[in-house]
Amino acid sequence: MNRASRAVLSVLVAGSLVAVTAPGSADAQSPGAARSRTGTAPGGPGTAAPFLPADKSGFGTSRSRASHVWYTLQPGGGTGELYYPDLGTPAARRLSFVIVAPGRHAVQVAHAARHDTRLVPGRALTYRETDTSRHHGWRLVTTYVTDPRRSALDVSVRLRSLDGRRYRLYVLYEPTLSNTPSDDSGRTRGRTLVAWDAQAASALRSTPAFTATSNGYRAVNDGWRDLRADGRMNDHYDSARDGNIVQTARTPLTGRGAHRRLELTLGFGRTRADAVRVAGSAAGRTFGRVAAAYARGWRGYLHGLRPMPHSLRGRGMRTEYRVSEMVLAAAEDKLHPGAYVASPTMPWVWGAQNPSGPYHLVWSRDLYEIATALIADGDRAGANRALSFLFDKQQKPDGSFPQNSTVTGKPVWGGLQLDEVASPIVLAYQLHRFGRAAYRHVKAAANFLVGFSQDGNSAPWTPQDRWENQSGYSPATIASEVAGLVCAAAIARHNGDAKSAHRWLRTADAWKSHVKGWTVTTNGPYSPKPYFLRLTKDGHPNRGTTYSIGDSGPSNADQRSVVDPSFLELVRLGVLPARDRAIRNSLKVVDKQLSYRTARGRFWHRASFDGYGETSTGAEWNYDNPPDSFVTHGRGWPLLNGERGEYDLAAGRKRAAERQLATMSRASNSGYLLPEQVWDRRPPAGRPGYRPGTPTNSATPLIWTHAQFIRLAVDVAAGRITEQPGVVARRYLRPLR
C-alpha cells in the first residue's frame, strides 16, 4: 500500500464507520428480537456468482465524456452489470430490491412482481421499470440515468402501497470492481456504503438517508439471506474484507404518506475518497435536474445526425431507429475513442469467466459494421474514430488486425480472420482517408492479404471465417478480401503508387474469377443446381471433404451439406451481381435449409448444424460440449434479415427489403434493444413466454444488429446499398445498378 492509500485509509477508519439503525425502526432491537450481529462480517470470501443473463432490457450512459459509467437493466427488474471506468470493465453485478410485507414476509422484487421496462419519452436512453406485486399489495417504480457531470448512476425510486399497509424497502448492491468480484471489500461510512479493491471504489447513498446498513459475503451473510429468514434485518456488519461482498441498506420508504420517494446515488472513483466525493456531489442535485441534463445531451447528439429515413413506418419503427442510433453511440468507450464494444453483456458461459469477456471487447469485424452504420446515419466523426482506433492497433510489423482487443487495444484472442484485415481498408475508402498516414496502414494490410500463407494454404484461404470457428475458402471472406484490395488500389493510385495498385488489382481479379470454383458446389445434396457453401476446406466444393462443425454439432459433416447466407456479401460489396444464377439458387437453398417463420416474421439460422445457442431446455451454451452430442442449438439472427434486405434492394425488390426492416424491428424487446438471436420453432419445452421470434438469452443489445438496422433503414430510403464501395461495383458489375 502506498503512502496516499494509507492516508485515505486512515481518514476512513477515523470517520464514522458504524452501521446506522434508526431509533424506533422495525429493525431496531426490541426485547423479543434476535440479537443484532455487528462488527466485521465472518465467513469470507463468500460464494462467487456468474454475471447475469445477457438479455438486457435497458442500456444507457450519458453523452458526456466526464461520466464514465454505463448501466444495464435486467428483464426481471433492477440493474444488470454496471461498467466503470470503461465499457470493458464490469464494476457491479447488480443493484436490486427486496420488499418486506407486514408479517415479515420478504420477497425479491425481481421474482415476485409483474415487471415492465419502458423507454421514457424524450429521445434519451432513459429507462423506467415498473414492478407490481402479484397480489396488488405494492408498486415499485425505478428510473435510471447517469450523471453527465460525474461518474455516478442516479436512480429515482417510488414505492406505493396499493392496499394501505406499510411495507419496507431494502437495497442490495453487489460490486465487482475492476472486473474481479472476489477481491472486493466493503464498509459503512456514516450512512454511505463504500466498496473498494486495489484499483477502483464505489459509494452508495440515498436521499433521504438509509436507516440501516450491513456489509456481508454472498450466500453467507448477505442481505437477502438475512431478510428471508424472518423478514428482519438482523445483520448490521460494519465491514467485510476481500471477498464476494453484498452490501445491504434499509430505506425509509413504506409506500405510505411521505415515505414514498427517494433517490439513490451510486458514485465511482479510483479511490474510496473519490467515490464518496462523487456520490456526495451527485446527491446534491435532484434527480429531475440530472435526468434533464442527461436527456439534453442525447437530444444534442441526435440533432447532429441525418434526418430520420422516410422508410420507417409507424411510431415503433421510428423509436427503434432512434434507440439504435443512441445504442451505437453508447457502445463507444469514453476513455478510448473509437473503441466500440460488441455488446455490454456476457452471454451464457462467458458470464462465468473471471475476468469476464469476450462480448465487451472490440472486434474488428463488428467495428467495421458499426462504422458503416455511423456513416449512413451521419456520424462520420464516430466512424473516423473507429477507423483511427483500428489503425492505431494494427499489428506490427505484419499489417494485420487483432481478432479482438480490449478497449485499450490490447489483443485478447489470437485468432486471425482475413475479412477483419480487409474490412478496415474498405472503411478507409468509404471515409475518403486517402492521405499518406492512412495509406501506410492500408498498404500494410493489403500486402498482408496478398502475401498471407499458413499451413500450406494461401489467401484467400482464411484461418477463420466470420463465424470464428472454421478455416477454409469462405465466400464472405473472399468478398471482403477482393473489395479490400480494389479499395486499396484506389487509395494507392491517389498516393502515386501505381505498382502496388496493379499488384493488388491483379490479385483481386484472380480471386474474384475463382470464387465460385472454390466455394460453389454442383453436386451437393440440397439442389441439382450450383449453390454456395459456407466454406470449403480444400477449395474443391464438389469433394465430400468432411470437418467437425463444433458447438456440439457433427464431427464429420460433408462440406457440401453446410450452407449459410454469408455469400450475400459478394453482392453487398459489389463483387457479384444480384442476378447471378449461383446467388439466386443459393438463396433458395438457404431459405429451405435455414429459415423459419414466426408471428414476428421470417428469420434465418446462421449456418447448417449451428450449435451456438441455448440447449433445448433453455440452459446456457457452453463451449465444452462434445461433438455429435447436439446439446446446444443456434437460433435465428435478426442481423441476417438486414443482410437479406440489402440483397433485396440490389435485386430491385424494395418492398421485400421493407419487410425485412419491419421484421428486424419486431425482434426487439420492450426496451427497443435488438438481440443477437431470436427463438426458432424449438423454444424451451414447458417454459411459458419463450415464443418463436422473440429474443433468446443471447447478447442484447448486440451492437452489430442495431448497426444493421440503421444501415438497412437508410438503404431502403435511398433505394440502394449506400455502403457498397463504388470503385468495386464499377469494376465488377455491368451495368452498375
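The values are calculated or read from the model by the stated rules, or taken from the named source; none is laboratory data. Everything quoted here is computed from the prediction, not taken from an experiment. Cβ coordinates were reconstructed from backbone atoms using ideal geometry, including for glycine residues, and neighbour counts include every protein chain displayed. With ligands, DNA and RNA removed, areas are computed over all heavy atoms of the protein, side chains included. Shrake-Rupley method; radii C 1.70, N 1.55, O 1.52, S 1.80 Å.
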**Report entry** Accessible area per residue, Å², region 120-225 with all protein chains present, probe 1.4 Å
**Finding:** 32
Requested in this report: For a quick protection proxy, order the peptides 134-140, 166-172, 655-661 by their average other-Cβ count within 10 Å, most packed first.
Outcome: 166-172, 655-661, 134-140
Query raised in the report: Whose amide H sits under 5 Å from the amide H of V562, counting only residues 5 or more places off or on another chain, with H placed in the peptide plane?
Result: R534
Report task. Taking a cut-off of 17 Å between Cα atoms, list the lysines near K529, but don't count ones fewer than 8 places away on the same chain. Result -> K516, K588, K592
Query raised in the report: What residues have an amide H closer than 5 Å to that of N404, excluding those fewer than 5 places away on the same chain, when H is modeled at 1.01 Å from N in the peptide plane?
Result: V412, W413
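Among rounded, prolate and oblate, which fits region 168-267 when a ≥ b ≥ c are the square roots of the eigenvalues of its C-alpha gyration tensor, a/c under 1.5 means rounded, and a/b larger than b/c means prolate?
Working: a/c = 2.37, a/b = 1.44, b/c = 1.64.
Cα axes put region 168-267 in the oblate bin.
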Query - C-alpha long axis of helix 314-330 to longest principal axis of the chain, angle in ° - result: 80
Requested in this report: Calculate the length of the line joining the C-alpha centroid of region 412-461 to that of region 528-603, in whole Å.
Outcome: 25
Requested in this report: Would you mind putting 243-252, 479-488 in packing order, based on average other-beta-carbon counts within 10 Å, highest first?
Outcome: 479-488, 243-252
Report task. Roll a 1.4 Å probe over the protein chains and send me the accessible area per residue for region 396-522 in Å². Result -> 37
**Report entry** Cα-based Rg / Dmax (Å) for region 262-413
**Finding:** 18.4, 57
Report task. Whenever you get a sec, compute what percent of the accessible area on the chain sits on carbon and sulfur atoms (1.4 Å probe). Result -> 50
Query raised in the report: What's the angle, to the nearest 10 degrees (0 to 90), between helix 364-377's Cα axis and the longest principal axis of the chain?
Result: 90
Query raised in the report: In what sequence, highest mean first, do 464-474, 431-441 appear when ranked by Cβ atoms within 10 angstrom?
Result: 464-474, 431-441
Report task. Give the shape of region 533-634 as rounded, prolate or oblate, defined through the alpha-carbon gyration tensor: a ≥ b ≥ c are the square roots of its eigenvalues, a/c under 1.5 means rounded, and otherwise the shape is prolate if a/b is larger than b/c and oblate if not. Result -> oblate
Query raised in the report: For region 587-660, what is the accessible area per residue in Å² when the probe is 1.4 Å?
Result: 41
Requested in this report: Could you work out how far helix 436-451 tilts from the main Cα principal axis of the chain, as a 0 to 90 degree angle to the nearest 10?
Outcome: 70
Query - Anisotropy class of region 118-214 from Cα gyration tensor, a/c 1.5 cut - result: oblate
**Report entry** Length-normalised contact order of region 385-526 in % [C-alpha pairs under 8 Å, at least 6 apart]
**Finding:** 21
Query - Candidate aspartates and glutamates - alpha carbon under 12 Å from K654, same-chain residues fewer than 8 apart omitted - result: E646, D715
Query raised in the report: Expressed as a whole number of Å, what is the distance separating the alpha-carbon centroids of region 472-508 and region 240-270?
Result: 58
Query - Placed amide H near G613: partners under 5 Å, 5+ positions off or other chain - result: H633, G634
Query raised in the report: How large is ³J(HN,Hα) for each residue in region 396-403, as worked out from phi by the Karplus curve 6.51 cos²θ - 1.76 cosθ + 1.60 (θ = phi - 60°), to whole Hz, x for Gly and Pro?
Result: 10, x, 7, x, 7, 10, x, 4
Requested in this report: Show which lysines lie in cross-link reach of K56 when reach means a straight Cα distance below 23 angstrom and same-chain residues fewer than eight apart are skipped.
Outcome: K334
Query raised in the report: In nm, what is the difference between 0.36 nm times the number of residues separating T38 and R256 and their Cα-Cα distance?
Result: 75.5 nm
Query raised in the report: Taking the Cα centre of region 112-182 as the origin, how large is its charge dipole in debye, to the nearest 20, when only Lys and Arg (+1) and Asp and Glu (-1) carry charge on their Cβ atoms?
Result: 320
